[in-house]
Structure formats: C-alpha cells, structure tokens
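The values are calculated or read from the model by the stated rules, or taken from the named source; none is laboratory data. If you're wondering where the values come from, they're calculated on a predicted model, not measured in any experiment. Using ideal geometry, Cβ is built from the backbone for each residue, glycine included, and neighbour counts are taken over all protein chains shown. Areas reflect the complete protein model, heavy atoms only, side chains present, ligands, DNA and RNA absent. Shrake-Rupley method; radii C 1.70, N 1.55, O 1.52, S 1.80 Å.
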Number of protein chains: 2
Amino acid sequence: MDSLGETIRKLREEKELPLRTVAAFLDIDQAILSKIERGQRNASREQVIKLAEFFKIKETDMLVSWLSDKLVYEVADEDVALKALQVAEEKVKYNKTKRK
Amino acid sequence: MDSLGETIRKLREEKELPLRTVAAFLDIDQAILSKIERGQRNASREQVIKLAEFFKIKETDMLVSWLSDKLVYEVADEDVALKALQVAEEKVKYNKTKRK
DNA sequence: TTCTATTTTGAATGATTTTGTCAAAAATAC
DNA sequence: GTATTTTTGACAAAATCATTCAAAATAGAA
C-alpha cells in the first residue's frame, strides 16, 4: 500500500541514485523531488509519466498510484471518506454507460 | 445518481423558491448558487452544511454527495479513473487500521 | 406582445493555492 | 574531520479559484 512517493524512493535507493540524477531527468529542482518522495508535494501528471519512463514502470500503474494518492488526500480528514469514494465509483460507472 | 447541484436544484424548485432566497440564507451571491446548481462551481464545505440545514437534509448525506462530486471531477478524463478510485479505497481502509 | 421576475453569463478583480528557485541547515557517508 | 546528499523554509512567479457585478437571456403572466 505504498504511496507514489514511497515507491519511487525505493526504486531510486535500489539503484543508489541521488535525487540530483532523477531530478535532472525530470528537469526539476532536487528539492521538489525530495518533497514529492516524502509526500509534501504533488507530482504533476507529466512528472509521473517521466518517472515511469525513468524507472521502466508501466505508465498506467504509475498514474493509478499518483491519482489514488490525490484522491486519498482529497478525502483525508473527512468522516465520510470511504462512503464518498464508493459513491464516486458509482457515479463514474454510471457516467460511462450514459455517455454515448 | 444526481450531483449535489441537481439535488439542490430539485429541492429548491419543489419549494418554488428563487435562487435569491436560498442564496441569502447561504450569504452568497445568487450567481454563485446558480453556478453551483449547474455544476460550474464547487460549493465550499460550509455552503454544503448550510444547504443541508436549509433543506433539512442529513448533513452527512449532503457531504457525501459533495465530496463524491469532487472526486468524480478529479478523475474525470483519466482512463484509470475507476482503478484509481478502487486503489484509493484500499488506501483509506489501510490507513484506518494503521492509525492507532 | 409587453411587463416583470428570475436565471445565466462573462468580464473584472482579489484571494488563495500551487509551483519552482535558491541557499542554508541537517543528515549521512567517507 | 570533509564531502556528499537530503531536507527545510523563505520567497517569487504563475496558475487557479472564488466572488462581485451588470448585462443578457429566459420564463411566465397578463
């Protein structure tokens, strides 16, 4: 149940790379990457895609991890978090059938 | 599968009230309420709570409707929308058990 | 149709949030 | 100890979001 940040930190440490190297590939300051890894900042969609490329992870897997993190953040400290997620699922399913 | 906006519009029209009346209760411009009802703007948490009070709807029900709308908006036009919602659910459940 | 009330729209403004840069401090490795 | 890496926070720029306001559009009544 890792967040995107935890995932990429593990990947980076496995390869024993400094923040600098990955940050350079993403074309961002290493401070930002540090914050992303530790969940203090959100990665952008483009950054997620580049991270998938860099670490050779399936792009959709990365995107799911990233999007779900954002959703968790959005419902954090709401009592109705779970219920809202379930209703949102229903709505998305419903919209899919509705859309011609 | 109504959005919050559709719900409160129906409630308001049932009672045959103008935007003005409800907007006054919420202490906002009627233009904003019009946009909220039509999904062009997001209501704030406080506005949702006042709406529940005004229409005598259970507050948590209103909050679920509102939060789930926001979630749907967040994942809109992502292919991985459903998957992300499901993973987010897992994460929320997991965090619940983890938190002492 | 005209008159009136209501609703919607969009431009302008302000506030808030996000995003990134930078340098110094802290931590870690050597 | 020094060197390297990581973290932190202050700051600025950019983007996003909320709100106000007035005019335009719509709907309903007479």
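Do we have any residue at all in segment A:9-20 that's closer than 21 Å to B:L85 by Cβ and either modelled with pLDDT of 95 or more or open to solvent by 80 Å² or more (accessible area, probe 1.4 Å) (or both)? Within segment A:9-20, not a single residue is closer than 21 Å to B:L85 by Cβ and either modelled with pLDDT of 95 or more or open to solvent by 80 Å² or more (accessible area, probe 1.4 Å) (or both).
Taking the numbered list (1) under 22 Å from A:K96 (Cα atoms); (2) open to solvent by 20 Å² or more (accessible area, probe 1.4 Å); (3) within 19 Å of the chain's Cα centre (by Cα); (4) more than 16 Å from DNA strand D (Cβ to nearest atom) in turn, B:Q86 passes all entries but (3). Do we have any residue at all in segment B:55-62 that's loosely packed, with under 14 Cβ neighbours inside 10 Å and at positive phi? Yes; the residues of segment B:55-62 include at least one that is loosely packed, with under 14 Cβ neighbours inside 10 Å and at positive phi.
Each residue in segment B:47-85 was checked for being part of a helix (DSSP H, G or I) and within 7 Å of chain A (Cβ to nearest Cβ), and 15 pass. Given the criteria touching a helix residue (DSSP H, G or I) at 6+ places or on another chain (Cβ under 9 Å), under 20 Å from B:E89 (Cα atoms) and exposed (fewer than 14 other Cβ atoms within 10 Å of the Cβ), does A:N95 qualify? Yes, satisfied. Of the residues examined, A:N42 is not one that is of a type in the set (S, T, N, Q) and away from DNA strand C (no atom under 13 Å from the Cβ). Of all the criteria given as (1) under 20 Å from A:V80 (Cα atoms); (2) open to solvent by 30 Å² or more (accessible area, probe 1.4 Å), the one not satisfied by B:E6 is (1). When we screen B:S3, B:S44 for residues that are touching a helix residue (DSSP H, G or I) at 6+ places or on another chain (Cβ under 6 Å), within 30 Å of A:S68 (Cβ to Cβ) and within 16 Å of DNA strand D (Cβ to nearest atom), the only hit is B:S3. Exactly one residue out of A:A76, A:A52, A:A31 is of a type outside the set (D, E, K, R), away from DNA strand D (no atom under 11 Å from the Cβ) and loosely packed, with under 14 Cβ neighbours inside 10 Å, and it is A:A76.
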